[in-house]
Structure formats: structure tokens, C-alpha cells
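*Asks:* Right, I'll just put the structure down here and ask away after.
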Amino acid sequence: MINEIKILKKDMALIQAELEANKPYEACGVLIGTINGSTALVEKALPVTNAKRTRRSFELDPKEHYDAWNEAEKDGKEIVGVYHTHPVSSAVPSLWDRETMENAPSVWLIAGADGMRAYVWENGVKAVEITEY
């Protein structure tokens, strides 16, 4: 199980900028890197168009998501997680997030109106420590 996500400060800033730029709608993207034991090392946060463009949910644009997956694979990396924003609520998984997380076992980083938090699904939602580097 992943219990820590390491992410570059510039990528945290990018995600925060995405939150601000897309308000009041949710923004989303993928986290590209590697998994080493129980740590997900994010080497790049890549914005992906929110195909839903709503205030309460997101859907990664399928073509952009596929292109990101191919880009990661070519570089010997993988998509270790996704991020999305909750511009008008806290950084906790919504009911929709929880239902989707159960079927998408990776790190979910949520940037909310009250900061950023990360989660994984392991028989329920589990918090993951975020370490900036």
C-alpha cells in the first residue's frame, strides 16, 4: 500500500494554480512518476482537461489521459495517481470520489479550499502523507 507521496514543490504550485484558474469548476490531471515500496514519487503533474467541466465532479479527457499514459510509458514511468480540485469545498473525497477510488487503485491528490491532501483506497479511504521536495 502507498502511504507517502513525494511531489515537487513546483508541481504543488501548478496544482494550486489550476485550482485558482478554473474556479468555480474542478480541474484535474495525472501524476507521473514511479512507485518505490510504499512511496509514490511524482516527477511530473500533468494537467488534463476536465471533460465534465462541473463544480462537483471531474472526468479526465480520455484522449489526453491516453496520451499522458503513453508519454509516461515512453519515459519508463507510470501514472501513479490523479489530482483534482475542490475549489469551493475541503480536500476530502466526495461520495463520487470514494466510489471511483474503489475502482481506480492509485493515489488521489485533492486540492481543496482548505489545502491539499492525498488518499488511497484500501478497504476504504486512507490518508497518505504528502512530502514536498
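None of the figures in this text is laboratory data; all of them are computed from the coordinates on show. The structure displayed is predicted, hence computed values, not measured ones. Neighbour counts run over all protein chains shown; Cβ positions are idealised from the backbone, glycine included.
*Asks:* Straight-line reach from K126: which aspartates and glutamates have Cα under 20 Å away, leaving out those fewer than 8 places along the same chain?
*Replies:* Straight-line reach from K126, under 20 Å: E4, D97, E99, E102, D114.
*Asks:* How do L60, L8 line up, fewest other C-beta atoms within 10 Å first?
*Replies:* On the way: L60 20, L8 16.
With the sparsest Cβ surroundings first, the list reads L8, L60.
*Asks:* Taking a ≥ b ≥ c as the square roots of the Cα gyration tensor eigenvalues, with a/c under 1.5 meaning rounded and otherwise prolate when a/b beats b/c, else oblate, which class fits the chain?
*Replies:* On the way: a/c = 1.34, a/b = 1.16, b/c = 1.15.
Note, shape of the chain comes out rounded.
*Asks:* Taking K77 as the anchor, which aspartates and glutamates have their alpha carbon closer than 12 Å to its alpha carbon, excluding any fewer than eight residues away along the same chain?
*Replies:* Here the aspartates and glutamates satisfying the reach criterion relative to K77 are E43.
*Asks:* Could I ask something else about it? Hey, which lysines would be in cross-link range of K63, C-alpha to C-alpha under 18 Å, not counting anything within fewer than 8 residues on its own chain?
*Replies:* Answer for K63, where 18 Å is the Cα cut-off: K52, K74, listed by chain and number.
*Asks:* I've got another one for you. For the chain, what does the helix formula give at 222 nm: sum of -39500 (n - 2.57) over DSSP H segments with n ≥ 4, over the residue count, nearest 500 deg cm²/dmol?
*Replies:* Details: 3 runs with 36 residues, N = 133.
Mean residue ellipticity at 222 nm (helix-derived): -8500 deg cm²/dmol.
*Asks:* Apply the a/c threshold of 1.5 to the C-alpha gyration tensor of the range 6-81 and tell me whether it is rounded, prolate or oblate. It would help to have the intermediate numbers written out before the result.
*Replies:* Values: a/c = 2.31, a/b = 1.45, b/c = 1.60.
It is oblate, given that a/c is not under 1.5 and a/b is not larger than b/c.
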